[in-house]
Amino acid sequence: MNADEYSDGYEDRETVYECSHKCSKHKCVSKSGRILKPLKFNRTHLKCGMSSGSFTLPVDTPAGVTFTLATVNADTKGMNQPCIQLEYASNIFTAAESLTLNFQIFKQCGNQLAPVPVGPVWTFFAEVTEGSTLSNPFAFSVCDCDIICDDCCIYSAAVTIEGVSITALTIISNSSLAAIIVDDSCKY
């Protein structure tokens, strides 16, 4: 293999010549003779959100009540068909004998009057022996590729109490919501 060739080590794939600034004068060609065109770079942004900090769910809060835990702003102005991966993570501490929490990501863009759900509902379930406690990390990710270009959206992570009311101390701490925004300018 020459110094100007590239191989990823897989025999079933082609070895191709690296394209460099010389491509504008010469054509980059694979060993099979196919002309290769350099791809434009995709723009990627990482946005770290704001957390509510350590959030204590009030004892005797009935099922069906929803609380916002973290938010992140995503600006897609000037992007071509952007796609956003949202990452949520937290630690859940509880002394409740039975606990079911539903987590959901919502977005509100431009002139929308109400937030709309993004992705599925993620459920945290725990059963704790009476007199003991439980501490668990909880994380999930969702993608949102249904985005209007040149828009700014606020994404929020919310938790809804499910099943029975909160019967003992429950804390959701270190909630974080981050967005990785990728511009789909993958064109020749």
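Brief remarks follow.
- Count of residues meeting criterion [surrounded by fewer than 21 Cβ atoms within 10 Å (Cβ to Cβ), over 10 Å from Ser176 (Cα atoms) and either in contact with an Asp or Glu (Cβ under 7 Å, 6 or more places away or on another chain) or acidic (Asp, Glu) (or both)] in segment 81-91: 2
- Among residues of segment 115-144, those that are in a loop (DSSP other than H, G, I, E, B) and either more than 23 Å from the chain's Cα centre (by Cα) or loosely packed, with under 12 Cβ neighbours inside 10 Å (or both), counted: 6
- Matching residues, segment 117-147, being among the β-branched types (Val, Ile, Thr) and in contact (Cβ under 8 Å) with a residue 60 or more places away in the chain: Ile147
- Of all residues in segment 69-114, those satisfying the criterion of being part of a loop (DSSP other than H, G, I, E, B) and in contact (Cβ under 8 Å) with a residue 60 or more places away in the chain are Thr76, Lys77, Gly78, Met79, Asn80, Gln81, Pro82, Ala95, Ala96, Glu97.
- Only listed residue being closer than 18 Å to Ala63 by Cα and either surrounded by 12 or more Cβ atoms within 10 Å (Cβ to Cβ) or touching a Cys at 6+ places or on another chain (Cβ under 8 Å) (or both), chosen from Gln112, Gln104: Gln104
- Only residues that are assigned to a loop (DSSP other than H, G, I, E, B) and either surrounded by 12 or more Cβ atoms within 10 Å (Cβ to Cβ) or among the basic types (Lys, Arg) (or both) were counted across segment 146-162, and they come to 4.
- Some residue of segment 69-80 being farther than 16 Å from Ile154 by Cβ, surrounded by 13 or more Cβ atoms within 10 Å (Cβ to Cβ) and not hydroxyl-bearing (Ser, Thr, Tyr): yes
- Annotation: of all residues in segment 39-55 being surrounded by 13 or more Cβ atoms within 10 Å (Cβ to Cβ) and part of a loop (DSSP other than H, G, I, E, B), the one that is modelled with the highest pLDDT is Ser54.
- Per-region count, segment 118-137, residues over 27 Å from Asp60 (Cβ atoms) and out of contact with any Asp or Glu (no Cβ under 7 Å at 6 or more places or on another chain): 2
The values are calculated or read from the model by the stated rules, or taken from the named source; none is laboratory data. Please read all numbers here as calculations on a predicted model, not as lab measurements. So basically every Cβ, Gly included, is an ideal-geometry build from the backbone, and we count neighbours across all protein chains shown.
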